[in-house]
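Working notes, beginning with the structure itself.
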Amino acid sequence: MATHDLVAPGESSIKDEHYGGARRPPRRKPRPRTPAEKAICALGEVGEAFIKAAAAAGVTRLAAELEELAALEVAHGTDALVAALARAVEFSRYKASDVRSILAAGTGLPRPAKAGEALVLDLPKVPTRRLSDYATETGQAS
């Protein structure tokens, strides 16, 4: 017999230790219904990731944004749109105007990366001088 936590209606209380460890959450694919959703999902994993992330972010006009994005494929081509959608997902930009800006910037965009190892160099030894050697007037106390 096990005691489970009390949860809200519609939720489930599951103890991972009953199943041999933590369980992976279910992975759900978008179920496209409109022609625009189908066109974006047809772009592959990037299109699906864009739709899921935009919905999770709470984009209120997602249907209208997807229609605009589907129209961009005709103007810019599939490869450019897929690259732009991947960058939009990477930087959490889910509006069609954001993707248009990415497409307008082209391929010359910088690719930010996490900081790497510290650069350690053996610098040559140089002679040092006292600060008083740089004085312009002699004999005056400062």
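The values are calculated or read from the model by the stated rules, or taken from the named source; none is laboratory data. Owing to the predicted nature of the structure, the values given are computational and were not obtained by experimental measurement. Glycine gets a Cβ as well: all are built from the backbone with ideal geometry, and neighbour counts include every protein chain shown.
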For Ser132, indicate whether it is modelled with pLDDT of 90 or more and not aromatic (Phe, Trp, Tyr).
no
I'm checking my understanding of the structure. Among residues of the stretch 81-126 that are more than 16 Å from Glu48 (Cβ to Cβ) and β-branched (Val, Ile, Thr), which one is modelled with the lowest pLDDT?
Thr107
What's the number of the only condition in (1) within 25 Å of Arg31 (Cβ to Cβ); (2) more than 22 Å from the chain's Cα centre (by Cα); (3) of a type in the set (Lys, Arg) that Lys95 fails to meet?
(2)
For the stretch 3-42, how many residues are at pLDDT below 80, within 30 Å of Thr78 (Cα to Cα) and hydroxyl-bearing (Ser, Thr, Tyr)?
0
Every residue in the stretch 108-124 that is surrounded by fewer than 10 Cβ atoms within 10 Å (Cβ to Cβ) and within 30 Å of the chain's Cα centre (by Cα), please.
Gly108, Pro110, Arg111, Pro112, Ala113, Lys114, Ala115, Gly116, Glu117, Ala118, Leu119
Being among the charged types (D, E, K, R) and in contact (Cβ under 8 Å) with a residue 24 or more places away in the chain is the filter here; which residues of the stretch 53-96 pass it?
Glu65, Glu67, Glu68, Glu73, Lys95
Out of (1) more than 16 Å from Tyr94 (Cα to Cα); (2) loosely packed, with under 12 Cβ neighbours inside 10 Å; (3) of a type in the set (Gly, Ala, Ser), the one Ala42 does not meet is (2)
Six or more apart or on different chains, Cβ under 9 Å: which pairs go from a residue in the stretch 2-31 that's surrounded by 10 or more Cβ atoms within 10 Å (Cβ to Cβ) to one that's at pLDDT below 75 and not acidic (Asp, Glu)? Could you list them?
Ile14/Arg23
